[in-house]
């Protein structure tokens with residue numbers, strides 16, 4: 001796909017100092033979470049992980065019992 005001359009004009013190389021300035025500008029726009037938000041999120045992730053672990057343990061136990069029952073029939 002050929003680009004138009006205007007698209008090629010807009011696509012210029014960025015110098016290293018200009019790139020560093022752009023990175024610093026974008027980095028200053030980042031909103032960092034507070035300590036309270038971080039702790040709350042970590043606790044939520046831990047609780048969710050425990051709930052999912054118990055769920056998959058239950059599913060695995062049911063399938064294990066089903067397979068063992070089917071093997072006793074053979």
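Since every read-out is calculated from the coordinates, none of them should be taken as a lab result. Bear in mind that the values here come from a model prediction, so they are computed numbers and not experimental data.
So how tilted is helix 35-73 from the main axis of the chain? Cα-based, degrees 0 to 90, rounded to 10.
40 degrees
Please report, in whole Å³, the volume per residue of the convex hull around the C-alpha atoms of the chain. Please report the intermediate quantities before stating the final value.
Numbers: hull volume 17.4 nm³, N = 74.
Convex hull volume per residue, Cα atoms: 235 Å³.
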